[in-house]
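Peer 1: Sending over a structure as structure tokens; questions will come in a sec.
Just so it is clear, none of the values below were taken in a lab; they were calculated from the coordinates. What you see is a predicted model; the values in this text were computed from it and never measured. Methodologically, a virtual Cβ is constructed for each residue, glycine included, from the backbone with ideal geometry; neighbour enumeration extends over all protein chains shown.
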Ligand SMILES: [Zn+2]
């Protein structure tokens, strides 16, 4: 079977975005009771999914998508702490409804209420709610809740530890994922995402996070940012900084997806990074829409790139399915319940 580890609900019904507008207006004006999400019918959700993510999943031959709220709209820096909590909750509840309607096609991953400088306990509480009550299998953790000024401490800082303790206890991984950028120097999907991915990896090299949390697991999306291309630089820096070899120090706990939108990039990823550490992902419908004029195929139709890799069928099955089942044990349990 084929598991896409990286999909976003970029096509949510209009009432959802309307709630966001009302929220931000409320935060600006101050006073009064905070707005509540508007009603969205199951039919609206079905329409938004069947014409988009589900259609593409079927056309491209995937079976299950690990599904989270629209990444660029998470924007934890907007509004205030309460807005951030209500927005995360509304987004996650909507993902839970998609999963409820299509349990064989989607599994839920949550966004977190990470208003800058708000207590990490907010994120812990929402993670617990999503995993325990909504049946989610993972989360998207934003390493820079400020939206582009990188004011939060590195991911290895102890201020993040209560969140990691909850992740370990619940046995769920996190995808490192920033959101929209409020820094004009950082285009969201072209610069900010890739930079944040690369920065997270370097932070893991500098720190000792996985000595403290040997079972903690992160997915660094977008092919691991610039890391595979610069693998020699990172191995060299680990050596220079007197860190252990990356294989033991980082790569027992960190995985890269295949959201790289051309064949040479995927070829390099698979050549440099151990097959055990690669999870199939497409990030559809989302970051890069449109058809590559050089190939005639959608940029984010990444399955064809993995199919074309010079690997054994066994190794491809690890990338397509087995690694995801290992990194997301709660997904493995759901699939086993479904006799898959
Ligand atoms: Zn994404």
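Peer 1: Just checking, does region 45-65 include any residue being farther than 29 Å from residue 322 by Cβ and in contact with a helix residue (DSSP H, G or I) (Cβ under 8 Å, 6 or more places away or on another chain)?
Peer 2: Yes, region 45-65 has at least one match.
This table checks each residue for (1) over 17 Å from residue 333 (Cα atoms); (2) in contact with a strand residue (DSSP E or B) (Cβ under 8 Å, 6 or more places away or on another chain).
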{"site": "99", "(1), (2)": "no, yes"}
{"site": "102", "(1), (2)": "no, no"}
{"site": "129", "(1), (2)": "yes, no"}
{"site": "153", "(1), (2)": "yes, no"}
{"site": "171", "(1), (2)": "no, no"}
{"site": "178", "(1), (2)": "yes, no"}
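Peer 1: If I filter region 44-60 for residues that are touching a residue at least 40 places away in the same chain (Cβ under 8 Å), within 16 Å of the ligand (Cβ to nearest atom) and out of contact with any strand residue (DSSP E or B) (no Cβ under 7 Å at 6 or more places or on another chain), do I get at least one hit?
Peer 2: Yes - at least one qualifying residue is present in region 44-60.
Peer 1: Right, another one. For region 257-267, enumerate the residues that are away from the ligand (no atom under 16 Å from the Cβ) and in contact (Cβ under 8 Å) with a residue 24 or more places away in the chain.
Peer 2: 262, 263, 265, 266, 267
Peer 1: Something else: Considering region 142-191 alone, what residues qualify as being without any contact (Cβ under 8 Å) to a residue 60 or more places away in the chain, in a loop (DSSP other than H, G, I, E, B), within 15 Å of the ligand (Cβ to nearest atom) and farther than 22 Å from residue 207 by Cβ?
Peer 2: Result: 181, 187.
Peer 1: Which number in (1) within 16 Å of the ligand (Cβ to nearest atom); (2) more than 27 Å from residue 317 (Cβ to Cβ); (3) touching a residue at least 60 places away in the same chain (Cβ under 8 Å) marks the one condition that residue 65 misses?
Peer 2: (2)
Peer 1: Ok, one more. Whether any residue in region 308-325 is within 16 Å of the chain's Cα centre (by Cα), within 16 Å of the ligand (Cβ to nearest atom) and in a helix (DSSP H, G or I) is what I want to check.
Peer 2: Yes, region 308-325 contains at least one residue that is within 16 Å of the chain's Cα centre (by Cα), within 16 Å of the ligand (Cβ to nearest atom) and in a helix (DSSP H, G or I).
Peer 1: Let me ask something else. Go through region 268-297 and give me each residue that's under 25 Å from residue 179 (Cβ atoms) and either in a loop (DSSP other than H, G, I, E, B) or within 16 Å of the ligand (Cβ to nearest atom) (or both).
Peer 2: 279, 280, 281, 282, 283, 284, 285, 286, 287, 288, 289, 290
Peer 1: Where residues in region 68-88 are farther than 19 Å from residue 30 by Cβ and surrounded by fewer than 20 Cβ atoms within 10 Å (Cβ to Cβ), which of them is farthest from the ligand (Cβ to nearest atom)?
Peer 2: Across region 68-88, the extreme among qualifying residues is 73.
Peer 1: Which of the residues that make up region 220-238 are on the phi < 0 side of the Ramachandran plot and in contact with a helix residue (DSSP H, G or I) (Cβ under 7 Å, 6 or more places away or on another chain)?
Peer 2: Once the filter is applied, which keeps residues that are on the phi < 0 side of the Ramachandran plot and in contact with a helix residue (DSSP H, G or I) (Cβ under 7 Å, 6 or more places away or on another chain), region 220-238 yields 220, 221, 226, 227, 228, 229, 231, 234, 235, 237, 238.
Peer 1: Among the residues of region 192-209 satisfying the criterion of being farther than 14 Å from residue 154 by Cβ and touching a residue at least 40 places away in the same chain (Cβ under 8 Å), which is farthest from the chain's Cα centre (by Cα)?
Peer 2: Going through the qualifying residues, I end up with 192.
Peer 1: Has region 111-126 got any residue that is within 26 Å of residue 47 (Cβ to Cβ) and either in contact with a helix residue (DSSP H, G or I) (Cβ under 9 Å, 6 or more places away or on another chain) or not in a helix (DSSP H, G or I) (or both)?
Peer 2: Checking region 111-126: at least one residue is within 26 Å of residue 47 (Cβ to Cβ) and either in contact with a helix residue (DSSP H, G or I) (Cβ under 9 Å, 6 or more places away or on another chain) or not in a helix (DSSP H, G or I) (or both).
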